[in-house]
1. When we measure straight from the Cα of Lys236, which lysines land under 27 angstrom away, once same-chain ones fewer than 8 places off are left out?
2. Where does the charge balance sit around Arg346 when Lys and Arg score +1, Asp and Glu -1, over other residues with C-beta under 12 Å from its C-beta?
3. Where does each of 289-295, 336-342, 453-459, 101-107 land if you order them by average Cβ count within 10 Å, highest first?
4. Measure out, as a whole number of angstrom, how far apart the alpha-carbon centroids of region 285-313 and region 394-470 sit.
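Just so you know, all these numbers are worked out from the coordinates, no wet-lab data involved. Predicted model, so just to flag it, every value in this text is computed and none were measured. Cβ placement follows ideal geometry from the backbone for every residue including glycine, while neighbour counts extend to all protein chains displayed.
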Amino acid sequence: MHPISPWVRGWVVLVGLLFVASQSVGEDLVRSLLGAGEFQAAEGLWITLAIYGAVFVVMVVVYYFSWRFTKYRLDTEQVLLDTGVIFRQHRRVRYDRVQAVDIRQPLLARVFGLAELKFEAADGGETAMQLAFIKEDEARILRAEIMGRAAGLQAGADPVQAAERGAAAAAAVAGEGVAGTGVAGGGTAGIGHGRSGTAALDGAPPSAPGTGAAQRIAPGPMPEAPEQVMLQVPVKRLVGSLLLSSGLAWMAGILLLLVLGAFFADVLLPSSEEDPWSMVFLLSLIPFAFSLAGFLWSGFNKGYNFTVATSPDGMRLRYGLLETSQQTVPPGRVQAVRIQQGLFWRALGWYRMNVNVAGYGVSAEGGGTDKSLVLPVGTLEDVLRVLSVVAPDPGVEDAPEVIRAGVTGLGTGHGFTCSPRRVRWLDPLTWRRNAFRSTRTLLMLRSGRLERSLVLMPHERIQSIDVRQGPLERRLRVASLRFHSTPGSIDPTLHHAEADIATRLFLEEADIAAVSRRMQDRNRWMRPEELARFEQRTRQAVE
């Protein structure tokens, strides 16, 4: 790691040490400088300085050994990280288990040109491994190297050339009659807005002479794959979305109730002059005021300069004001997508998007929910652009209209199946919104009335399904289904569907998910031989 990386991580200890020292002698020193008294701490000043100096020396020694015994190495099949002085820790993560790679730069690290490299594995929990801190240029090189090896490329390979080989291979396979239909590259039109990194995944040639040689090129640093910026969230739209968000409305409503309570408390309730009821209510405003300020700042800091780009190694996200972050999610790693529209966003046509990614579980460092955000606010066109990367083939021809109906529609239009009318006693507001549609590649779940929501879940990402029926549901002959995926902010659930329809969906979706998983389960998406096997399995399954 970089030699000053321990100081970037442990600057809080130094600040705390200076704070305690200022509390000990600072007041007397200021008073003596202003001529308001004597410096009473002068007698024990040398002892105090010696104590703090000893603590500082110990901290320097600890930081030095922490840096000295922290090493990482890229192996042929895994990345290795060794840490610890007394208690040694050896961490290993295989490349084919890497789900996403992030580059994080806190404010102090940005000052020194350093960055933290974090990559997630398929465990749905804490960050698999983090390299903190290294030079920013080195972090970008390592990210490209790890992403390339996770994709099946060897050291020195060019991801752009690999993508072009995959695209040319698809045409060759199609000419031989091998390809042409399938889940990833079928005849149904997708949402695509321009060329994205996933375009190279539609096919590959069968094993042929020279294919392996093309992968085994001269060793060296793997070049970073070029990116194409898809969209950038304007600052004005971000601020407007925060001011019109449902969370802010709830907090503002609570603050208003407390202010009104403080006003009417002195009028309606007897109180003493020393402890009036109005002061009690006003003091209770303090935590809500801090929560409100924290909510606004967190949303603004997360969405500032939010940029979505696509490249052959996946979707790239950049955001942050004081602390900048760069996420890279490989293609095919997204487990579920959710599109939301708040009550106050409808007139402006704004939407929000989150995804579930293996490794970005709710307990992940930095908050799984926060890291799952792929679009803080955007128009329907922005939503379709992001979907062209995370769900390139929705399995329907009129994809934009179906997506719009899934977010804003009611009833059974555009192929959706909603809850029966008799459920209006249980769901008076949402019974016409609760609906589903199963396409060739996705399961769509629609829900919410005030906060509209549409969940898109690829069939092959469904891990398990459970169907539930309470006493009232049995009386009304309806049931609810829950579709399990990796842990995250999205919980795909279908509420109060017709009992017979729910049972049929339960059985059919289990079979479809099993077949789709065998067809599309691949870890190294840029290997020509892996792409060829995937194309052959797809053709066999369709036939």
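1. By straight Cα distance, Lys236 reaches Lys302, Lys371.
2. Values: positive: Arg449, Arg452; negative: Glu451.
With Lys, Arg at +1 and Asp, Glu at -1, the neighbours total +1.
3. 453-459, 336-342, 101-107, 289-295
4. Comparing the Cα centres of region 285-313 and region 394-470, I get a distance of 29 Å.
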